[in-house]
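Just below is one structure, and these are the notes that go with it.
The numbers here are math on the coordinates, done by the rules we state, and not lab data. It should be emphasised that the depicted structure is a prediction, and the values quoted were computed from it without experimental measurement. Glycine also receives a Cβ, built like all others from the backbone with ideal geometry; neighbour counts cover every protein chain displayed.
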Amino acid sequence: MEEHPVEPSTLAERVKALALALGFDRAGIARLGEPTPEDESLHAWIARGRHGEMGWLARRVEERIDPRRRFDWARTALVVGLVYDTPSAPRTGAGSDAGSAPVPPAGRVARMAGGEDYHDVMLRPLRALGDALEPLVGRPVQSRAYVDTGPLLERSLAARAGIGWIGRNTCLIDPQLGSYLFLGVLLMDLELPADPPEPDHCGSCRACLDACPTDAFAAPHVLDATRCLSYTTIELRGDIPEPLRAGQGTWVFGCDVCQEVCPWNTRRRRQVPPDRAALRERITPRAEWVRPALAWLLALDEEAWRGATRRTALRRTKRRGLLRNALIAAGNSGDPSLAPLLARHATSEDPTLAEAARWALARLERDP
Ligand code: B12
Ligand code: SF4
Ligand code: SF4
């Protein structure tokens, strides 16, 4: 039977429409062309050790910069975005039965982490989309889905796909939806036209650079991950470096400061499309992780921790990592009622936890 190929721009629109129908908020198409100088800057970033203990970032760098080195069939990337900071997300809440103080000292959890793990939520529909391409195109289509699950520069691809621009805080910002946006990528063997790039709208703003509590930006667009709280509280396994502890404040998992101060989030948040709620409901932070009481976190045993973190990205730090972070946060809380719990951890057999607890106790004494 004779094939009636669909015109590429029509096909591109259909592929993107399918992505929206599956629950994503944004979809754009990038051509896998020559890497940009910004992509090449990854070499310098790695050479300066900005990735810290994330050794996997220093491997397969060439593939990361140009996925065609691994998949020579790949021609284009469908990039999808899913908003994770919703107006409906609970803004208060406690995970505590730890006493009747009017406002128990609480930790802060990055918005991305308190709901169901976004990797799991996004990968399945993205793969389903890959499987649905054959009937659209009229031939078998090679594709490969990623959600932070392989060597790709997802922000760079999103910028190439016209989803938004890369801000000075290194986040991808959609002009309508802001930067609280998870990204996913489907590499495809289809020759499709790219979406036009979004111009940079940072202008003269530098709010993110000034607000970072640990001074983690080496320059605009260049993050020293080893100073970023998202790295120290999630990726780092050992002791949190002493000079970064005070800046951690009460963050216990990740950090949102450089996004909270961004005018593109404060102004644009409410433009989230209300009609595509299926995926978003799953990633919406659970109430107990919106402002988890520090006393609750410090008292969590392994079983309670496993229950409370089930299917969330919080599992990444293991209980030990979250405990270490909560100890530092307790030291920064200025609340002496936490001292007895800290004293209990100060005798822990784990040297990292014991040291963090002693540091926290000393800080509370110094700065009650
Ligand atoms: C490693 C990693 C981290 C590291 C390092 C972050 C970083 N900025 O590099 C740590 C643990 C610190 C981290 C933190 C966070 N992360 Co992260 N992370 C990643 C991961 C796995 C790789 C990123 C990477 O390659 N970094 C290396 C640097 C060099 O690359 P890059 O940041 O993409 O940099 C590009 C641009 O800056 C560009 N560039 C653009 N303009 C200019 C100008 C100049 C002058 C230069 C030099 C470069 C340059 O050059 C680079 C190459 O293209 C991606 C997933 C993926 N596979 O892409 C998620 C990802 C970037 N993370 C994500 C999120 C949500 C976060 C956090 C918000 C989580 C949190 N709340 O705690 C924070 C944000 C911190 C921040 N300001 O970036 C999302 C970002 C979504 C978005 N809208 O941007 C991603 C895409 C995951 C996903 N699938 O949704 N992350
Ligand atoms: S996530 Fe927090 S610590 Fe990391 S760069 Fe942004 S403001 Fe700084
Ligand atoms: S805070 Fe300002 S400089 Fe930073 S990313 Fe947002 S608009 Fe750009």
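If each residue's Cβ is checked for other Cβ atoms within 10 Å, how do LYS16, LYS318 rank with the fewest at the top?
LYS318, LYS16
Taking θ = phi - 60°, what integer Hz values does the Karplus form 6.51 cos²θ - 1.76 cosθ + 1.60 yield along segment 256-264, in sequence order, with x for Gly and Pro?
10, 4, 5, 9, 4, 8, 6, x, 6
Among the GluC sites (Glu not before Pro) within segment 1-65, which fall in a DSSP loop and have no more than 11 other Cβ atoms within 10 Å of their own Cβ?
Here the sparse-neighbourhood loop sites are GLU2, GLU3.
Can you compute the charge dipole magnitude of the chain about its Cα centre, using +1 on each Lys and Arg Cβ and -1 on each Asp and Glu Cβ, nothing else charged? Give it in debye, rounded to the nearest 20.
Dipole about the Cα centre, nearest 20: 620 debye.
Between LEU294, CYS212, ALA44, whose Cα lies farthest towards the positive end of the dipole of the chain when Lys and Arg beta carbons carry +1 and Asp and Glu beta carbons carry -1, centred on the Cα centre?
Result: LEU294, furthest along the dipole toward the positive end.
Hey, what number do you get for the chain at 222 nm if only DSSP H runs of n ≥ 4 count, each worth -39500 (n - 2.57), divided across all residues, to the nearest 500?
-10000 deg cm²/dmol
Based on the mean of other Cβ atoms within 10 Å per residue, sort peptides 356-366, 150-160, 74-84 so the most packed one is first.
For the peptides 356-366, 150-160, 74-84, the packing ranking is 74-84, 150-160, 356-366.
How many angstrom separate the Cα center of segment 295-339 from the Cα center of segment 158-229?
30
What residue among THR266, THR232, THR170 shows peak mean-square fluctuation when the chain is described by a Gaussian network model with Cα springs under 10 Å?
Of THR266, THR232, THR170, the Gaussian network model singles out THR266 as fluctuating most.
Looking only at TRP56, TRP165, TRP264, which one moves most when the chain is put into a Gaussian network model with springs between Cα atoms under 10 Å?
Residue with maximal mean-square fluctuation among TRP56, TRP165, TRP264: TRP56.
Taking the chain as a whole, which cysteines find no other cysteine Cβ under 4.7 angstrom from their Cβ?
Lacking a cysteine Cβ partner under 4.7 Å: CYS171, CYS202, CYS205, CYS212, CYS228, CYS255, CYS262.
May I have the extent of the alpha carbons of the chain along their three principal axes, as whole Å values ordered from largest to smallest?
Computed over the chain, the largest-to-smallest principal extents equal 78, 41, 39 Å.
Which of ILE46, ILE283, ILE240 ends up with the largest GNM mean-square fluctuation for the chain, with Cα atoms connected below 10 Å?
ILE46
Please compute the contact order of the chain in relative form: average sequence separation of alpha-carbon pairs under 8 Å and at least six residues apart, divided by the residue count, as a percent.
24
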